[in-house]
Each structure stands twice: as structure tokens, then as C-alpha cells.
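Here the structure is laid out as C-alpha cells; the discussion comes afterwards.
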Amino acid sequence: MTDHDRSAESLAPASGIDVLSDMLHTVRLTGAMLFLAETSTPWMAWAPPAESFRPVVLPAAQHLISLHIVAHGGCWAGLMGAPPERLETGDVLVIPHGDAYFLADPPEAEPIYSHEEAVSFFRDMAAGKLPPTVFQGSGGPGKAQIICGFLGCDLRPFNPMLSALPRVFRVRPATAATDGMPHLVEFALRELRENRSGGQVVKLRMAELLFVDVMRRYLEALPYGQTGWLAGLRDPLVARAMALLHNAPAHSWTLDALAERVATSRSVLAERFVQLIGQPPIQYLRELRMQRACRLLAEDGAKVVSVAVAVGFESEAAFSRAFKKSVGLSPDSWRRQRAS
């Protein structure tokens, strides 16, 4: 078996569930907006910290992620105050933690709008008040097309995927002929250029699809030896244990039962899980249950007792105590706060 075969085997969903997909669903990944920037040198675009415009873009989300895909051409990009790096056609820049950042060509180009104007732009773009293509620059010879996407998700009580990501990262174009990103980019470009019925919904779903594909590519490119939640998906032993927990979070798992199902000893499983994920399997399960409970309370309008059963508690009282310990509020108080 080659290294590529082992990598593919470790990334394959175990126990009938795709852990990455399940986590993205559990943290309520939601498209916020998608637009196209047509640029010509010199130009500079920047975004303030995401928390400054999240309330006017997607107030129901706790957090905003941004990604920028260079469809054609190139530019410079980076976090505000940090050295820029060059992006070329096919590169993707992701800012997962909401830092202020910029894109420019040349890198020393100056901004031409204020913080307030930036927030106003994002508010109007998310509301559909602006055309999906924006033009920036002074008509110089250096031209680029950049797809800009923003997504909302839950940050608390448990988003280990987000915690495992750096402040900013770049994903290079894949070399495999089966890579789906070029097709997604071309489809997104058509949707952004054409005013078709249902376009707003398509653009939001496209933002989600593009982000998921970027995360798959980032995961596949992770070097062996790294730690963190995403690295756990690359480890066959930990990945199988995570899949079992995600597949049946309401089950009364014990470390012994989990180790038996993945065909290893409890000490080996516990050590490997802590080494990669940063916490023991049963603690991971407790936090996963609370995040699932938050999603059910926020989206489904289910009764608290039903949520308690769905995430593995035998009584509403026990669930409420555990939820308040994790989140800081009772389930009813948390739901009222989110609704407001």
C-alpha cells in the first residue's frame, strides 16, 4: 500500500459518517454572501475585523469566516500589519478567525475607503442591494478576478475545526485531474455575472460549497506529524473513534467500549486522542453533545426534554445542569437570548 493509499484510507468516512460534514452541520455553517471583484492596478481592498460587520451581515451567526479565490490573475494579500504574500490563479486565501486583512496590487497600494464605508458595503452586499460584481482599481495593466465569500458559523460552545486552523492560510491549486474546484469556480463566476432567478440562494450555497472544498484540500495537504482536530481526521485510529462518537452521540459511550470498537486498548486510544485532539474521548463527546444541543435548540424549536434525549441525557434536569455548566445559561435562557 502506498502513502497515497494510506492517506485516502484514513480520510475515508468511518462507521457510516463523514465527520467533517457532520461537524460543519453541527456548527451551522451558513453562507453569508458571495461576490466577484474585478480589479486593475493599482488597487487595494481591505476588511476590518469581522466582528465589526457580522451583526449587520449575519446577526444569527456567532462568527464570520472569509475566503478569497483568485479566479484569474494575481494579487498580494495578508493580515493587516503583517507581511503580504503573493497569490496567483487558483490560490485560495482563508481568514478563519475574523482578523482584519487586505488584498492589493501592488502590495504598497493605499486604501481609499474608511472603516464605516467598509461596514456599509458589507451590509448592502449581504442584503442584495449591490450588484454581485464590484470594480476596483485605476485601469492599469495588472488585472485580476477574485471571488470573495463570507460564511457564518457557531463559535461556542464547541467548534474544534475552527480552533485547529491558523489565523490565515493559503490553499494552492490541486494538481489532480479530478479536482472539483475549477468547476465550482467557473459555476460561481457564471452565477455572479448573470442575473437569474434564485441567484441569491445559489450564491449563498456556493459560498458553502467552495469553503467545504477548500477545507477538504487543506485537510488532504496537512503534513503528517501535526496535531489538532483536522490532524485527527488523518489518523486512522482517532478518525474511527471520532466517527463512532459523531454517528451516535446519544449512546452511553465509555472509553472501554470505544476502544473495543476501534480494536485497540483504552490506554492507546486515550493517549492518541489526547495527543491529536487535545482532550480525552469522553470529554470530546460531552462537548460535542452540547454543540448539538445548541443547534437543536436554535433551529428546530424542540422542547428541552426532547433535546436532552437526543444528545444522550436520561433527564431534562441532568441535561440542563450540564448545559449551563458548559454554556453559562440554562437551555431556555440560551434560546431566548439567541432569539433576541
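Throughout, read-outs are computed from the coordinates displayed, never taken from laboratory work. The shown structure was predicted, so the numbers you read here are calculated from the model rather than taken from an experiment. Neighbour counts are summed over all protein chains in view; Cβ atoms, including those assigned to glycine, are modelled from backbone coordinates with ideal geometry.
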Counting pairs of alpha carbon atoms under 8 Å apart in space and at least six apart in sequence, what relative contact order in percent does segment 80-228 give? 35
At a threshold of 8 angstrom on Cα-Cα distance, excluding pairs fewer than six apart, so keeping six or more, what relative contact order does segment 241-340 reach in percent? 22
Chain lengthening between GLU186 and GLU110 when straightened (0.36 nm per residue, less Cα-Cα): 24.3 nm
Evaluate Rg over Rh across the chain, taking Cα atoms for both radii and Kirkwood's formula for Rh. 1.00
Calculate the all-directions average of the projected area of segment 235-339's alpha-carbon convex hull, and give it in nm². 6.6
Tell me which residues come under 5 Å, amide H to amide H, from VAL134 once H is placed; ignore anything under 5 positions away on its chain. LEU36, ALA37, GLU38
Which of ASP105, ASP213, ASP124 has the fewest other C-beta atoms within 10 Å, and how do the rest follow up to the most? ASP124, ASP213, ASP105
For LYS129, the lysines lying under 29 Å Cα to Cα, once residues fewer than eight places off in the same chain are dropped, come out as LYS143, LYS203
For LYS324, give me every one of the lysines with a C-alpha distance below 26 angstrom, ignoring sequence neighbours fewer than eight places off in its own chain. LYS303
Which length gain, in nm to one decimal place, applies between GLN275 and ALA317 when the Cα-Cα distance is subtracted from 0.36 nm times their residue separation? 11.8 nm
Taking the Cβ of each residue in SER306, SER114, SER326 as the centre, tally the other Cβ atoms inside 10 Å and list the residues starting with the fewest. SER114, SER306, SER326
Remind me, relative contact order of the chain in percent, using alpha carbon pairs under 8 angstrom and six or more residues apart? 22
Per the rule of 0.36 nm per residue minus the C-alpha distance, extending THR89 to SER120 adds in nm 8.3 nm
